[in-house]
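Heads up: the structure comes next, in structure tokens.
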Amino acid sequence: MRFGCPYVEKKWRKSPLKTLRRQALKSSQSTSRKLNLLIDTSFLLPAMGIEVENEVLEAIKYFHLANVHFMEVSVLEAMWKVLKIIPREKLNLVYRGLSAIKETYTLVSAPPNAYIKAYEMFHRGHRDYVDNLLYATAHEEKMFFLTNDQDFIDFLTSTGYPTESVLTPSKLQKLLRQAT
């Protein structure tokens, strides 16, 4: 127990999963045979009228094949972008997008251990606490984490964090095509 926190450090060792596909099927068996997917903020932006890379848009086309989850912190992060680039006259689009997100995807809360793990990740060198919290929450909740942030994936790999459940848009598409 570190810093008086009850999380177990061994939970963060690399899991000996044989294949990504096996993990997808295992995680998806609990909820209507679909994989559970926590999405990075980038995947919320198009609904709010913000342009994103094509690979993000392509991945969103596959969301109907998964149980998609989001966190409130991602909405907050998206709103910072809205404040910078969306004019006041277009706030109705943002409102409709936020409503669609909340009606379509499932809100997930970070467990206490995820906040502590995100703190540790921050101090190990990845300075985006939101990314850290999303990853840690997905790991704690045994979900896949979808991100298009290759720098973050490189950080995870170089520091020994498990990446078996981290998906890029292209990995997601491949995984879901195989499962159908």
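The values are calculated or read from the model by the stated rules, or taken from the named source; none is laboratory data. Predicted model only: the values in this text are computed from it and were never measured. As a convention, Cβ positions derive from the backbone with ideal geometry for all residues, glycine included, and neighbour counts pool all protein chains shown.
Okay, here's what the table says:
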quantity: Residues within the range 65-90 that are surrounded by 12 or more Cβ atoms within 10 Å (Cβ to Cβ) and not aliphatic (A, V, I, L, M), tallied; calculated: 8
quantity: Filtered residues of the range 102-140 (kept if assigned to a helix (DSSP H, G or I), free of Cβ contacts under 8 Å to residues at least 40 places away in the same chain and among the hydrophobic types (A, V, I, L, M, F, W, C)); calculated: 114, 118, 122, 136
quantity: Single residue of the range 141-164 satisfying the filter (in contact (Cβ under 8 Å) with a residue 40 or more places away in the chain and in contact with a Lys or Arg (Cβ under 8 Å, 6 or more places away or on another chain)) that is nearest to residue 34 (Cα to Cα); calculated: 164
quantity: Matching entry among 125, 97 (being at pLDDT 95 or above and crowded, with 17+ Cβ neighbours inside 10 Å); calculated: 97
quantity: Output for the range 165-180, where each listed residue is in a loop (DSSP other than H, G, I, E, B) and either surrounded by fewer than 17 Cβ atoms within 10 Å (Cβ to Cβ) or over 14 Å from the mean Cα position of the chain (by Cα) (or both); calculated: 168, 180
quantity: Residue match in the range 124-142 (condition: within 12 Å of the chain's Cα centre (by Cα) and aromatic (Phe, Trp, Tyr)); calculated: yes
quantity: Filtered residues of the range 63-104 (kept if under 17 Å from residue 138 (Cβ atoms) and polar (S, T, N, Q)); calculated: 67, 74
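To keep it simple, each residue is scored yes or no on (1) in contact with a Cys (Cβ under 9 Å, 6 or more places away or on another chain); (2) at pLDDT below 95; (3) crowded, with 19+ Cβ neighbours inside 10 Å; (4) over 19 Å from residue 167 (Cβ atoms).
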position	(1), (2), (3), (4)
2	no, yes, no, yes
23	no, yes, no, no
29	no, yes, no, no
39	no, no, yes, no
51	no, no, no, yes
63	no, no, no, no
